[in-house]
Amino acid sequence: TQLLEQSPQFLSIQEGENLTVYCNSSSVFSSLQWYRQEPGEGPVLLVTVVTGGEVKKLKRLTFQFGDARKDSSLHITAAQPGDTGLYLCAGAVWETSGSRLTFGEGTQLTVNP
Amino acid sequence: KAGVTQTPRYLIKTRGQQVTLSCSPISGHRSVSWYQQTPGQGLQFLFEYFSETQRNKGNFPGRFSGRQFSNSRSEMNVSTLELGDSALYLCASSPVSRAKGNYGYTFGSGTRLTVV
């Protein structure tokens, strides 16, 4: 069974602060995906990282995939109240019969004005 | 283009009943996956369908089943409902099945099922 450990589980910060969310596993994934979910809605894909050591930037968000493709991090610079939400990492596994996502427990981020 | 559509949005059922949930993927997407989200267990994979065939199945009892139609629309069924089946059921579509995980998924807004 593949597991993804995500930390921290809860994060409450002030507007303008920086933060990092971590996602770790003992398993290798084909890719690592980050989603953001609002209450009552489905997760929305933010980014997919595929290559070990890959770094992707999306405005104030920076995503990194570990060299061994077992871990990832999400760094937000100068957080804003609009960044509030549930952030989920998900490891994608490709099997001969298809694919599936294994999700971390999620990080509930609250950015206070 | 239209996103992933799930119906109904909310459902209340009695223990022992059965329920059918529907998912219409993004046009052109042939892979449809289902996930269960609960506060205690988070998001867990139920199954994946591609070209009307179940390609992958998660660790759920046989009460959970699904199917996919020729137009890629999918349904999932839960029989003999239990209180613990109360959850947000999410459907996700993807353009391909064997993409080695390089493609992200587009999720619907989910069906909130409450079993009383």
message: Taking 25 °C and 0.890 mPa s as the conditions, I'd like the Stokes-Einstein D for chain A in µm²/s, using the Kirkwood hydrodynamic radius from alpha carbon pairs.
response: 173 µm²/s
statement: Here the gain from full extension of B:T7 to B:S79, 0.36 nm per residue of separation minus their alpha-carbon distance, amounts to 24.2 nm
Beta bridges per DSSP with both ends in chain A, % antiparallel, nearest 5: 90 percent
message: Let me spell out the model: positive unit charges on the Cβ of Lys and Arg, negative unit charges on the Cβ of Asp and Glu, origin at the Cα centre of chain B. What dipole size does that give, in debye rounded to 20?
response: 180 debye
query: Got a sec? Charge dipole of chain A, +1 on Cβ for Lys and Arg, -1 for Asp and Glu; which of A:Q6, A:S27, A:L88 is way out at the positive end?
result: A:S27
field: Paramagnetic reach from B:F69 in the stretch B:7-39 [backbone N under 12 Å; point 7 Å along Cα→Cβ]
entry: B:22-25
message: Let me spell out the model: positive unit charges on the Cβ of Lys and Arg, negative unit charges on the Cβ of Asp and Glu, origin at the Cα centre of chain A. What dipole size does that give, in debye rounded to 20?
response: 280 debye
message: Among B:S79, A:G40, A:G52, which residue has its Cα furthest toward the positive end of the charge dipole of the protein assembly as shown, with +1 on Lys/Arg Cβ and -1 on Asp/Glu Cβ?
response: B:S79
task: Pairs of Cα atoms under 8 Å, at least six residues apart: use those to get the relative contact order of chain A, whole percent.
output: 36 percent
- request: Run a plain Debye calculation on the protein assembly as shown (Cα atoms as equal point scatterers, no solvent) and give log10 I(q)/I(0) at q = 0.11 Å⁻¹, rounded to two decimals, same order as the q list.
  value: -0.54
query: Kirkwood Rh over Cα pairs of the stretch B:51-90 into Stokes-Einstein at 10 °C, 1.306 mPa s: D in µm²/s?
result: 137 µm²/s
field: Inverse mean reciprocal Cα-Cα distance (Kirkwood Rh) of chain B, Å
entry: 14.1 Å
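Quick note: the coordinates plus some simple rules give every number you see, no bench work behind them. Source: prediction; values computed, not measured. Cβ atoms come from the backbone with ideal geometry, glycine included; neighbour counts cover every protein chain shown.
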